[in-house]
Every structure is written in C-alpha cells, then in structure tokens.
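The values are calculated or read from the model by the stated rules, or taken from the named source; none is laboratory data. Keep in mind that what you see is a predicted model, and the values were worked out from it rather than measured. Don't worry about glycine lacking a Cβ; one is built from the backbone with ideal geometry, like all the others, and counts go over all protein chains shown. Ligands, DNA and RNA are stripped out before the accessible areas are found, and what is left, the full protein with its side chains, is counted by its heavy atoms. Shrake-Rupley method; radii C 1.70, N 1.55, O 1.52, S 1.80 Å.
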Amino acid sequence: MAIRDRLSGNEAIAYAMRQINPDVVAAFPITPSTEVPQYFSQFVANGEVDTEFIAVESEHSAMSACIGASAAGARTMTATSSQGLALMWEMLYIAASMRLPIVMAVINRALSGPINIHNDHSDSMGARDSGWIQIYCENNQEAYDSLIQAIRIAEHKDVRLPVMVCYDGFITSHAVENIELLEDEVVRNFIGEYNPEYYLLNEENPISMGPLDLPPYYFEHKRQQAEAMRNAKKVVLEVAEEFAKISGRKYGLFETYKLDDAEVAIVVMNSTAGTAKAVVDEYRSKGYKVGLLKPRLFRPFPVEEIVGALKHLKAIAVMDKTDSFNAAGGPLFTEITSALYGRADGIKVINYIYGLGGRDVKIDDIAKVFDRLLDIVKTGNIGEVYNYIGVRE
C-alpha cells in the first residue's frame, strides 16, 4: 500500500535515505541541500538507521570519506549543492574512475560568483563529464523515486558507477507537495543487500585501489569506464521497469508530453518542465500542435532514443538553465544538436538560456518561446540561434 504524505523535496530524499539505510553517509551543510543530512542525522540519532554518519569539515572531505567508505565495501550516500559540488570536483573524478557506486543528491544551485544561493543548473552541468551518471527530476515524487532507483543502477555489476540525482534548489527542495511513499520493507526488498565483488576490507581477496596508472594501462581503464556508462542506459530502463511493478510509476530515459503529433516542441529539464506543460495545454486548446520533451537521464545521454522522439518535428527550442560560456549555446542545446546532426537534419533548433541565479521563468516566458517556434515554421526564418529570455539586456 502506498503511504500518502506531504513532504518537501529534501524531506522526501532524507526519507528515502532512511528506507535505504546506507552503511555510511558523509556530508557537509550547504544551502539548499543542508536539510538532507540534517533530517537524516535525526534518523541516525533516533536509532532508525544503522548508518555511520560522518560530519566533516568540507565537501571535499565529504566526498573523500565517501570514496574511502565505498572502497571499503560500504553502501555510501551524500548530498550537496553549488560550491559544495565544486569543492568536490577533484574527488568526483576519482569516485567515478574507481568505479564506486556512491549515490549523491545534488540540489541544484547557481555557482558563484557573484554569490547566489538560488537555483540554476550550473553546478551539476559543470560536473557532467566527471564520469557520474546524472538523473534530473521535475518534482518531489520523481526525486524520491529516482534516489531509490539510483542505488540499484549504481551497484549493478555492469555499471558500478556513482550516480547524481539532481533536483531544483528551493523550487523542489523546499516546496511541500503531495507524495506517495513506499513502505520500508518494499524499498529494502527492492534494493536488496549490498554485496560488492571487490572491496578493500575483503582479506581473502586483497586488492589495491587508486594506484599509479601509467600509459600501458590507463587508456584501457578509461575505455572500461566509458563502456560502463554505455551499459547504464539499459540498466536504467531495467530498474525503472522493476520499480514500476512496486510503485505503479513508470520512468524512462526522458518524458514526452503531447509530442507524438507535435510540429514544434520545447526541450527543458527539471521543475520548469511543469510550467512548460501548462503552456502546452493552453496552446493545444487553441489548436496549435506543440509538445515537450523532458530529459531525465543526462549522463549517459540517450542519443538514439531522443532523436527518435524528436525527428518528426519542424522546429525545437532547447532551454538551458545554465550557460556554457562558449558563445555557442548551453550544454543541453549542444547535446541535442549533436544528437540530431546526421540523424535528423533539417529540423530548425534554437537555444534559450533562462533562469540563471534563480530568475523566475513564467508561463509568459514559455509562451514567447512557443510563439517564436510557430513563427519559424510559418516564415522559415530561424533568426538568432543563441538567445536569452527573462534577462534585462
């Protein structure tokens, strides 16, 4: 039976962590992720979990402790945001290259400078090529469900890679929504016991981790890491299929909304997808064939599947809540256009950078993007490709 409740995104993540009952959690507080380890530490203090909670002096140390714990054979989790993720940078690559199945909630917040505590995607998008699987979530329910699935994905024998579960700071992390929770026993049966094949405390099969890796071997190890990322796409779908059986909620590599017969569409991530769906409904009621694609799995990037979903469109607007500062477009835009190149040529694609530093994105803003797409189809004139919306020029 589902447990109906009202929780914020951070409460939902901490609740899922309690149900998972990891061996080790190491964390350092940073807005807006602070509540996750704070709520979870209460479960530790109350004896509701068996977790060793490690309070460290920085996020770099938090990830270092997670790496040590995971290498020793412990199921390990953490959470962070913004500058905290940036301070972990060096260790993110080590966690991934050592093939450690650490699961981390990333509560998206703008990177300094200037100092800003509000939401955009510059933190996790900056870490997109660190070797971590990345899952992006629209709302509290999706964040809760994705964290539980992330354990199974990370620990799968064909993957063994760390996973970030990303959701929007304050918009999702602090907003209280209705949510359906699974029973503790259901979650624990779903994730199962963690029995790593290789770990440092296994005295019967001693190994080394993180040794010097010179030219005769380094390339092959990186190739194996890349293959694990390829394998992750299939595993994500397998785990989602199993999760649907216990929850009734089905997840894919991405979500489409009224896209099948659409002529134009927006591609956008996380909470803004909810706003965009309302605009899709409004424009559909007026007879316009508009739709939406919301990426969920960003690493690995599901090229073939996304192309299959978008190839019938005439025009697409990709919306990025961060800027790559490459003078060419945001990270989601460059991934989408790279995927379409040579596979679905002829589609007109434009980019909008929006919402940096927590700037509100409103229904009127999304409507302007759809108006632009409809005009491109009508006139054939694409105009400026790399655009900003909601900013004072």
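General observations
- Our summary of shape: the Cα atoms of the range 162-278 have principal axis extents of 56, 39, 29 Å, ordered from largest down, in whole angstrom.
- Under 5 Å, built H, 5+ apart or other chain: amide partners of LEU259: LEU292
- Positive-end extreme of charge dipole, the chain - chosen from PHE243, VAL267, GLY126 (charges on Cβ): VAL267
- Once you reduce the range 227-267 and the range 1-49 to the center of their Cα atoms, the two points are 26 Å from each other.
- Rounded to 10°, Cα long-axis angle of helix 272-285 versus longest principal axis of the chain: 30
- Accessible area per residue for the range 224-316, computed on protein heavy atoms with a 1.4 Å probe, is 40 Å².
- Within straight-line reach of LYS348, meaning a Cα separation under 25 Å, sit the following lysines at least 8 residues removed in sequence or on another chain: LYS258, LYS277, LYS286, LYS289, LYS294, LYS311, LYS314, LYS321, LYS362, LYS368, LYS378.
- For the range 13-24, 3J(HN,Hα) computed residue by residue from phi via the Karplus equation (6.51, -1.76, 1.60; θ = phi - 60°) reads 5, 5, 5, 4, 4, 4, 5, 6, 6, x, 6, 9 Hz, glycine and proline entered as x.
- Compared with the dominant principal axis of the Cα atoms in the chain, helix 59-71 is inclined by about 60°.
- Answer label, with mean projected area of the Cα convex hull in nm² calculated from the coordinates and candidates (i) 17.9; (ii) 20.4; (iii) 21.3: (ii)
- Charge dipole (Cα centre; +1 on Lys/Arg Cβ, -1 on Asp/Glu Cβ; no other charges) of the chain amounts to roughly 1240 debye.
- Carbon + sulfur, % of accessible area of the chain - ligands and nucleic acids excluded, 1.4 Å: 50
- Phi to ³J(HN,Hα) by Karplus 6.51 cos²θ - 1.76 cosθ + 1.60 over the range 25-39, Hz, x for Gly, Pro: 10, 10, 7, 10, x, 7, 4, x, 8, 3, 5, 4, x, 5, 4
- Cleavage-rule hits, trypsin sites (Lys or Arg not before Pro), the range 73-161, DSSP coil, Cβ neighbours within 10 Å at most 16: LYS157
- Rounded to 10°, Cα long-axis angle of helix 363-379 versus longest principal axis of the chain: 50
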